[in-house]
Amino acid sequence: MSLPAFSEDAGPASAPVPKPAEVLPMPRRPGRFATRSLALLRGVAGQVLPPVVTLAVILLLWQGLSGDAAGGLPAPATIWLESRELIVDPFFDRGGVDKGLFWHALTSLQRVAVGFSLSAIVGVALGVLVGSSRLAHRSLDPIFQVLRTVPPLAWLPISLAALHEANPSALFVIFITAIWPIVINTAVGVRNIPQDYVNVGRVLRLSPPEYFLTILLPAATPYIFTGLRIGVGMSWLAIVASEMLLGGVGVGFFIWDQYNASRISDIVVALVWLGLVGFGLDRLVALAGRIVSRGASAS
Amino acid sequence: MSSRAYLSIENVGVTFNAGERETEVLKGVDLAVDQGEFISIIGHSGCGKSTLLNVVAGLLPVTRGAVILDKQAVDGPGPDRAVVFQNHSLLPWLTVYENVRLAVDKVFRGKRTRAERHDLTLHNLALVQMIHAKDKKPHEISGGMKQRVGLARALAMEPKVLLLDEPFGALDALTRANLQDSVMEIHAKLGNTVLMITHDVDEAVLLSDRIVMMTNGPSAEIGEIAQVGLSRPRRRIEVDTSPAYIAARHAVIEFLYARHASLRAAA
């Protein structure tokens, strides 16, 4: 009994001749550049389209709902008609406070830059102190917890009384508003330094300055930047409020001035500027944080 | 006229105070370690073996007794008792090179030139075979590699005693075996005095000259010390059937699982 497949009399002639494989042409693929730019386009569209559509819907609703009664909230179309110059040319300067919104925003930003830098320096220093010393924490933390709930504007009369001048008072209000989240987050960051890193410092017998620079500061950096990000947002809130009371150039005063002149559409334009600049500030600090703490995420 | 051992742990007791409750973790621990000896400390979780290591490291103060290293009492941490921590604890914002260099700079600044310190850093990275990753950040390398770098950092301090706190506990079996071989090689080459915490019986037998077995806490003490009668160099594949290996392994297992089983069984 022999199975046919293994039968010996089947000579080589009967072995199946392998047929050459048929070459199938691959379907043409779009070029690498085309695929990539298509994917990029799709990504951008996915990011940009939803907010743009939402914005359009909001504007349409707004246009439909506002009846254009005099003195009421103007419709988008009315705003465009009334405040066209303000929208299209942010850079005009006719002297005094009659300037484009760019100049108002720039003045406000300069104040924020000074006040916020001060609060960043003092805030991080205080935060490190509160975070690393139990005594400092016990004595200062309760005071901070109370002070941080004081609304920014409540500080204004006091700072005016103490400093007598408008500009330093505005700076002080920014400073005192932005400093609390910075202090508190820095302190949390310092207290949360993993015990292992502390032990490394102890085994190496790092001196306090060495410990501060090589371990404490890098370990607390992500927390510090969380505080700075909240702080910069709050300082932007504070600048507008304090400028409303103080006068002069600045977005806050511009809004107050236009309100007194009943130019509501100009105020709406200023609000858009406020929002965009505040958003930019937030992103700027977030970006700085990412660059500084690159790779510092514990793993 | 008492001749003391190189590292002498003398009647060490540690008691923690949490509010009004006192917990005695270690009680009357006595251990004499010779220079160049490799000692493992083994015991169930919570037996205070890590506490003992931290006491020798100086990270924890003793309540009673003393630790004397090379005729000097330990009072605080220092680079002469370098620690390899359980979870590597490399600083994530520094590269592999910088992590080791930090230790080299701290210990040898003023004693060696910059170029010498650079060479020393590379030399220690070479010892653990990590030169290739010297410019990587810790999060870019594997767990086993991180432990290698942690070992290099500790070796770079040229310590009198090398303290290993369950250094391979978090690694998979193959990586662990690799690292154990590296540690044996380095120990053979440099002759370090080593104190290692472990809960792995085979690891203890393979690496150590003596195995210190701790009783269960609270109030843990040294229950027994097993001598591992294996000559060096040891090769994993040869020793594991030798009578000395089996005897030592059996002694430890018998201690851990028969006489001092688990906390619950002892209570």
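The values are calculated or read from the model by the stated rules, or taken from the named source; none is laboratory data. These numbers come from a predicted model, not from an experiment. No Cβ is skipped: glycine too gets one built from the backbone with ideal geometry, and neighbour counts run over all protein chains shown. Only protein heavy atoms, including side chains, enter the accessible area calculation; ligands, DNA and RNA are left aside. Shrake-Rupley method; radii C 1.70, N 1.55, O 1.52, S 1.80 Å.
A few remarks follow.
- Here B:LEU179 clears all of (1) touching a residue at least 60 places away in the same chain (Cβ under 8 Å); (2) part of a helix (DSSP H, G or I); (3) in contact with a Pro (Cβ under 8 Å, 6 or more places away or on another chain) except the condition numbered (1).
- Reported count of residues in region B:71-91, each being more than 7 Å from chain A (Cβ to nearest Cβ) and either in contact (Cβ under 8 Å) with a residue 12 or more places away in the chain or open to solvent by less than 20 Å² (accessible area, probe 1.4 Å) (or both), is 10.
- Flag if B:GLY169 is within 16 Å of the chain's Cα centre (by Cα) and either closer than 26 Å to B:PHE85 by Cβ or modelled with pLDDT of 90 or more (or both): yes
- Scanning region B:34-69 for residues that are β-branched (Val, Ile, Thr) and part of a strand (DSSP E or B) returns B:ILE39, B:ILE41, B:ILE42, B:VAL67, B:ILE68.
- Contacts under 8 angstrom Cβ, first residue in region B:31-51 being of a type in the set (Asp, Glu), partner open to solvent by less than 20 Å² (accessible area, probe 1.4 Å), 6 or more apart: B:ASP34/B:THR193; B:GLU37/B:THR193; B:GLU37/B:VAL194
- Residue in region A:282-289 that is touching a residue at least 24 places away in the same chain (Cβ under 8 Å) and within 14 Å of chain B (Cβ to nearest Cβ) present: yes
- Members of region B:188-222 that are in a helix (DSSP H, G or I) and among the β-branched types (Val, Ile, Thr): B:VAL201, B:VAL205
- Per the listing B:ARG64, B:ARG101, the residue uniquely of a type outside the set (Asp, Glu), farther than 19 Å from B:LEU163 by Cβ, open to solvent by 20 Å² or more (accessible area, probe 1.4 Å) and within 14 Å of another protein chain (Cβ to nearest Cβ) is B:ARG101.
- The conditions of being in a helix (DSSP H, G or I), closer than 29 Å to A:ARG138 by Cβ and within 14 Å of chain B (Cβ to nearest Cβ) are met by A:ALA219.
- Test: residue in region A:98-107 that is open to solvent by 70 Å² or more (accessible area, probe 1.4 Å) and in contact (Cβ under 8 Å) with a residue 40 or more places away in the chain: yes
- Matching residues, region A:226-243, being buried (at least 24 other Cβ atoms within 10 Å of the Cβ) and closer than 13 Å to A:GLY127 by Cβ: A:GLY227, A:LEU228, A:GLY231
- Residues that are in a loop (DSSP other than H, G, I, E, B) and within 11 Å of another protein chain (Cβ to nearest Cβ) within region B:125-143 comprise B:LYS136, B:LYS137, B:ILE141, listed in sequence order.
- Count - residues of region B:235-248 that are open to solvent by less than 80 Å² (accessible area, probe 1.4 Å) and part of a helix (DSSP H, G or I): 5
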